[in-house]
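To start, the structure under review is shown below, and the notes come after it.
The values are calculated or read from the model by the stated rules, or taken from the named source; none is laboratory data. Keep in mind that what you see is a predicted model, and the values were worked out from it rather than measured. Positions of Cβ are generated from backbone atoms using ideal geometry, with glycine treated the same way; all protein chains shown enter the neighbour counts.
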C-alpha cells in the first residue's frame, strides 16, 4: 500500500501572445520543466488540482500535457501541438482544465479540483540523474482564447505524493 507523503504546488506562468486569438490545438507558452514533481525514482505523484488565473476574462478550455522525460520536439507558442511518435510515447498524463471559470470585474479564475491523474516516475534516458522532473505544456482544447497581456495566465498544479 502506498503511503501519502504530502502535497507540493508548482506555478507556471507561460509567456503568451497578447491581443491575438489562438487557434484550437495551439500551444500556450512553451515547454516547461517541473523539477521535483515526483519525489524520487519509483515515486508516484497524483495531480490533485489545477488552479488557473487570467488577468483578463479568458474563459477558455485548456489541456495540460505532462511528459515523463524531456521531449525532443520543439513546442512553440501559438503553433499547433503536434508531437512526434517518439514524444507521444513520453506523455505520462493529460488533464483538462478551464471548464469552470469564475469571472470577476476584470479577470477570472478556474479551480479544477481532483482530476486524479496518476504519474509514476521513470528514469530519463537522456538525463539518468534526473528522476523527479516532469515536463509539461498547455494547449488550447476546443477554444480560441485571446489574452490581454503576455503574462496574462498563471497555472498552479498541485501534486499529491506517495
- When residues of region 142-156 are limited to those that are at pLDDT 95 or above and under 17 Å from the mean Cα position of the chain (by Cα), the one farthest from residue 20 (Cα to Cα): 156
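Each row is one residue, and each column tells you yes or no for (1) over 13 Å from the mean Cα position of the chain (by Cα); (2) within 29 Å of residue 6 (Cβ to Cβ); (3) touching a residue at least 60 places away in the same chain (Cβ under 8 Å).
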site	(1), (2), (3)
48	no, yes, yes
52	no, yes, yes
55	yes, no, yes
60	yes, no, yes
72	yes, no, no
- Item | Pick from region 53-62, criterion in contact with a strand residue (DSSP E or B) (Cβ under 6 Å, 6 or more places away or on another chain) and modelled with pLDDT of 95 or more, ranking: nearest to residue 137 (Cα to Cα) | 62
- Sole exception among (1) closer than 17 Å to residue 31 by Cβ; (2) part of a strand (DSSP E or B) for residue 109, by number: (1)
- Query: So, in region 83-104, of the ones that are within 16 Å of the chain's Cα centre (by Cα) and in a helix (DSSP H, G or I), which residue ends up surrounded by the most Cβ atoms within 10 Å (Cβ to Cβ)?
  - Reply: 87
- Query: Quick one: would you say residue 32 is more than 15 Å from residue 138 (Cβ to Cβ) and touching a residue at least 40 places away in the same chain (Cβ under 8 Å)?
  - Reply: no
- Single unsatisfied condition, residue 118 versus (1) within 18 Å of residue 63 (Cα to Cα); (2) at pLDDT 85 or above: (2)
